[in-house]
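In what follows, a structure is listed as structure tokens, so that the remarks can point back to it.
The values are calculated or read from the model by the stated rules, or taken from the named source; none is laboratory data. Computed from a prediction, not measured in an experiment: that's the story for all the values here. All Cβ positions, glycine included, derive from the backbone under ideal geometry; neighbour counts span all protein chains shown.
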Amino acid sequence: MAPPSAPGGAPGAMPSGPPPTPEQMAAMMAAMMLEPMVPPPPGVTANLDHPESRINLTLGLCSAILFIMLCFVVLRLYTKTVTKQFGKEDWACLFAAIMNLGYAAVIFIPTATGGLGKHIWEIRKGAIMNERYFKSLIAANSLYYPLVFFTKLSIFLLIYRLFKTNKRAYYQVYFGMAVTGLFYSVMFILTLIWCAPAPGGDPMLSASKPSCMTDANRLSSITAGFNIASDIYLLIIPIPVVWGLKTSMAKRVRIIFIFALGLLATALSAVTLYYRLLTLHEIDTPWIYVPVIICSIYEVNLGVICACLPTIPALMKTKSMQSFLSLRTWSLFSSRGASTSGFFKKSNDSSSHKRSEYSDITALKSPSVKEEPMYEMDRNGHRSQERV
């Protein structure tokens with residue numbers, strides 16, 4: 001196909017006239033940055049000033065699960081410190097929690113300031129065409145693999161500590177740690193090779209390479225499938241061991257239920273896989289990618305929470321928790337007794353009302369004495385019939 005002809009000139013000739021000045025080039029670039037990424041679909045009107053957005057939904061849901069995860073991690077670390085049983089699985093859980101925060105931070109940057117969570121035809125080019133946006137995406141894709149590994153490692157080490165006397169569970173745990181460690185290491189290295197810019201390079205050009213846009217997305221889909229398989233494997237290891245324990249049925253079911261909560265993470269991995277595959281064939285990637293972000297963050301955070309649940313019974317048996325619970329129980333009954341006493345002994349005097357708050361306690365300490373009427377004594381020491 002022949003190149004277009006310039007008006008009044010030979011085919012392929014450049015337009016005549018002086019080249020644009022730097023000011024004109026800057027004005028053209030500024031105008032281009034205000035344009036949408038792509039034209040809207042037929043019948044759809046783009047609203048660039050007030051676009052439809054999932055940003056608040058994403059930030060709210062992800063912040064909620066991060067807060068819950070941090071509460072469980074703090075309780076776990078406190079329990080292990082008090083009981084002096086801090087082990088390798090606790091270090092892995094701590095690293096997973098820290099990386100969870102880092103992963104959420106780099107995800108929130110393109111979500112809050114970039115175009116994630118909006119329709120691609122309602123995103124201005126200037127919102128995406130900047131280095132910070134692409135740096136955050138590359139960092140998020142790279143951090144995801146060590147994050148998932150440390151989350152699963154904390155569960156593997158927990159199973160090992162609980163059932164290390166069982167040979168079958170012992171070998172299954174080591175096999176699982178080796179396979180997951182190898183898999184996530186390979187995924188991490190390939191992501192860096194395909195997407196990370198060279199020292200001093202442009203992250204926008206690096207993230208726009210076909211290897212990063214296509215091959216790295218395929219890696220993410222493969223990872224979602226591996227996550228499902230490894231979650232099921234983690235659930236299979238403890239079930240036969242727990243079922244063979246010489247304990248009550250209720251306790252065995254309770255232990256299995258803790259590990260079965262990991263099935264929620266498995267379900268989220270399946271949803272993540274579906275949407276990752278969908279992004280390979282749809283143009284509205286920023287809008288479709290929101291469920292991937294939410295499910296990925298919930299998946300790893302639920303894994304950390306499941307790893308922390310077995311320490312809750314030990315927490316309830318610590319001296320500090322026992323003291324706290326007894327104090328709360330005493331406060332509850334004291335306030336209940338005060339409200340009952342105040343119901344039967346209404347008074348307009350504020351001082352009288354304060355005394356009634358502790359009337360039940362006073363009654364317990366000083367039993368009431370029935371007062372007898374006083375009589376006058378006659379000269380012979382006998383009681384007269386007249387009362388005083």
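Couple of notes before you dig in:
- Extreme residue, nearest to the chain's Cα centre (by Cα), among residues of region 47-86 that are within 17 Å of residue 288 (Cα to Cα) and among the aliphatic types (A, V, I, L, M): 61
- The residue that is farthest from residue 224 (Cα to Cα), among those in region 236-292 that are small (Gly, Ala, Ser), at pLDDT below 80 and surrounded by fewer than 19 Cβ atoms within 10 Å (Cβ to Cβ), is 248.
- Residue match in region 183-201 (condition: loosely packed, with under 14 Cβ neighbours inside 10 Å and within 18 Å of residue 225 (Cα to Cα)): yes
- Verdict on residue 136 being over 30 Å from residue 241 (Cβ atoms), of a type outside the set (A, V, I, L, M, F, W, C) and within 20 Å of the chain's Cα centre (by Cα): yes
- All conditions in (1) at pLDDT below 80; (2) surrounded by fewer than 20 Cβ atoms within 10 Å (Cβ to Cβ); (3) within 25 Å of the chain's Cα centre (by Cα); (4) closer than 17 Å to residue 309 by Cβ hold for residue 217, with the sole exception of (4).
- For beta carbons closer than 8 Å, sequence separation of 6+ or different chains, a first residue in region 203-224 that is part of a helix (DSSP H, G or I) and a second that is of a type in the set (Lys, Arg), the qualifying pairs are 203/135; 217/276; 220/276; 221/276; 224/276.
- Cross-chain or 6+ apart pairs with Cβ under 8 Å, region 282-296 first and over 14 Å from residue 112 (Cβ atoms), then among the small types (Gly, Ala, Ser): 287/117; 295/269
- Restricting attention to region 159-182, the residues that are hydrophobic (A, V, I, L, M, F, W, C), farther than 23 Å from residue 212 by Cα and loosely packed, with under 15 Cβ neighbours inside 10 Å add up to 3.
- Of all residues assigned to region 145-154, at least one qualifies as being over 17 Å from the mean Cα position of the chain (by Cα) and of a type in the set (A, V, I, L, M).
- Among the residues of region 121-150, those identified as touching a residue at least 60 places away in the same chain (Cβ under 8 Å) and surrounded by 20 or more Cβ atoms within 10 Å (Cβ to Cβ) are 121, 122, 123, 134, 137, 138, 141, 144, 145, 147, 148.
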